[in-house]
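Okay, structure first, notes after.
The values are calculated or read from the model by the stated rules, or taken from the named source; none is laboratory data. None of the values given here were measured: they were computed from a predicted structure. No Cβ is skipped: glycine too gets one built from the backbone with ideal geometry, and neighbour counts run over all protein chains shown.
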Amino acid sequence: MVLSYAIVCPWEAVATGNLLARVFPGLNSFQLYVIAGAPIYAPRLAVGLALTALIVAINYRGIKPSGVFQDVMTFGLLATFAVFTLLGFARGTPSNMQPLFAAGQTPWLSIFLVLQIVPYFMTGFESVAKGSEEAKAGFDPRNFTTAIYAALFAGLLFYVIIIGVVTYVYPWQQIVSGHVRTEVAFERTFGSHRIAQLILFGAFLSLLKIFNGNFVAATRMLYAIGRRNLVHPALGRVGAVSGTPGGGDRTDGSADGGRGDVRRRDPRADHRGRIARGRRRLAVGVRPPTWRGGNGMGIATSRRRWRGSAPG
């Protein structure tokens with residue numbers, strides 16, 4: 001699962017440069033090299049690296065700024081989505097959706113072909129548990145279940161509406177045969193480049209949102225398996241200042257005389273620090289990080305309040 005989250009992050013960094021190049025063609029300049037026939041341009045590479053640095057910096061500061069960033073990107077996307085969806089249904093026509101299924105294929109086969117990709121687009125609900133240990137104090141653990149179901153329903157509604165409005169605005173057969181992008185379909189229908197820019201802006205916010213969400217889930221998974229000593233124990237540490245998983249690794253390396261060998265630290269000192277931070281930061285109803293392990297997956301079913309008990 002770590003890889004399933006982590007592999008999305010570099011993809012989002014690359015996709016962001018690709019998306020911005022549609023708006024700023026100047027990004028397709030200063031070719032550096034070619035991979036599998038695809039040219040790599042310096043400005044687009046710089047955009048990906050800068051975005052990666054931004055996401056890391058935000059999450060290094062703690063889960064709160066990361067959560068605020070996620071909220072801004074999510075609600076910005078939803079606002080953009082609401083605008084072009086309403087405009088699309090007001091301007092489009094049902095005739096663009098005909099025929100409902102491709103010629104020569106049975107309805108059930110068409111449905112099955114679409115269902116193959118549905119599980120990928122619906123992922124993300126399971127990441128709720130990954131961040132449960134960082135929920136605010138007083139958060140009712142039962143609300144984790146509500147959040148999971150809400151994520152599933154929101155994802156279902158979002159994709160159904162997106163598919164519906166795009167085919168309502170522009171004939172879907174021309175979209176498939178001509179590989180017409182969503183923003184191009186709207187631009188041709190409305191005769192305005194601004195609505196295309198609005199859709200691209202929403203897509204940009206979505207890339208940032210997905211990047212940040214997968215980064216949070218991946219780092220919490222690494223933290224969990226590090227706490228279980230399934231990987232290097234340094235990944236199972238919480239930064240003394242930022243309170244984020246692995247955030248104190250650079251500080252630990254400097255404090256150890258530049259050796260970076262965090263395994264020489266005293267586990268009892270780490271545990272005492274976690275007791276102090278646990279009372280301020282960790283969620284009610286789940287067990288916080290300890291030196292020896294614990295509920296590394298952040299499962300939200302436990303309802304015990306941790307009060308600085310010994311490591312278990």
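Under the condition of being in contact with a helix residue (DSSP H, G or I) (Cβ under 8 Å, 6 or more places away or on another chain) and either surrounded by fewer than 17 Cβ atoms within 10 Å (Cβ to Cβ) or at positive phi (or both), the residues counted in segment 124-146 number 3.
For Thr167, the conditions (1) surrounded by 14 or more Cβ atoms within 10 Å (Cβ to Cβ); (2) within 17 Å of the chain's Cα centre (by Cα) are fulfilled apart from (2).
Look at segment 172-202 and say how many of its residues are under 24 Å from Gln98 (Cβ atoms) and either among the aromatic types (Phe, Trp, Tyr) or surrounded by fewer than 16 Cβ atoms within 10 Å (Cβ to Cβ) (or both). Selection size over segment 172-202: 11. Of the set (1) within 14 Å of Phe215 (Cα to Cα); (2) surrounded by fewer than 13 Cβ atoms within 10 Å (Cβ to Cβ); (3) of a type outside the set (Val, Ile, Thr), all apply to Gln70 but (2).
In this structure, does Arg44 turn out to be among the charged types (D, E, K, R), modelled with pLDDT of 90 or more and either out of contact with any strand residue (DSSP E or B) (no Cβ under 9 Å at 6 or more places or on another chain) or not in a helix (DSSP H, G or I) (or both)? In short, yes. Every condition in (1) within 17 Å of the chain's Cα centre (by Cα); (2) β-branched (Val, Ile, Thr); (3) loosely packed, with under 13 Cβ neighbours inside 10 Å is met by Thr52 except one, and the failing one is (3). Whenever a residue of segment 113-138 is free of Cβ contacts under 8 Å to residues at least 40 places away in the same chain and closer than 30 Å to Phe101 by Cα, its partners that are of a type in the set (Phe, Trp, Tyr) and assigned to a helix (DSSP H, G or I), lying with C-beta atoms within less than 7 angstrom and at least six residues away or across chains, give the pairs Phe121/Tyr159.
Of the residues examined, Ala38 is not one that is out of contact with any His (no Cβ under 8 Å at 6 or more places or on another chain), free of Cβ contacts under 8 Å to residues at least 12 places away in the same chain, small (Gly, Ala, Ser) and closer than 14 Å to Val216 by Cα.
Taken over segment 47-97, the residue count meeting the criterion of being among the basic types (Lys, Arg), within 13 Å of Val216 (Cα to Cα) and either modelled with pLDDT of 90 or more or part of a helix (DSSP H, G or I) (or both) is 1. The lone criterion from (1) among the hydrophobic types (A, V, I, L, M, F, W, C); (2) in contact with a Gly (Cβ under 7 Å, 6 or more places away or on another chain); (3) under 25 Å from Gly48 (Cβ atoms); (4) surrounded by 22 or more Cβ atoms within 10 Å (Cβ to Cβ) left unmet by Ala217 is number (2).
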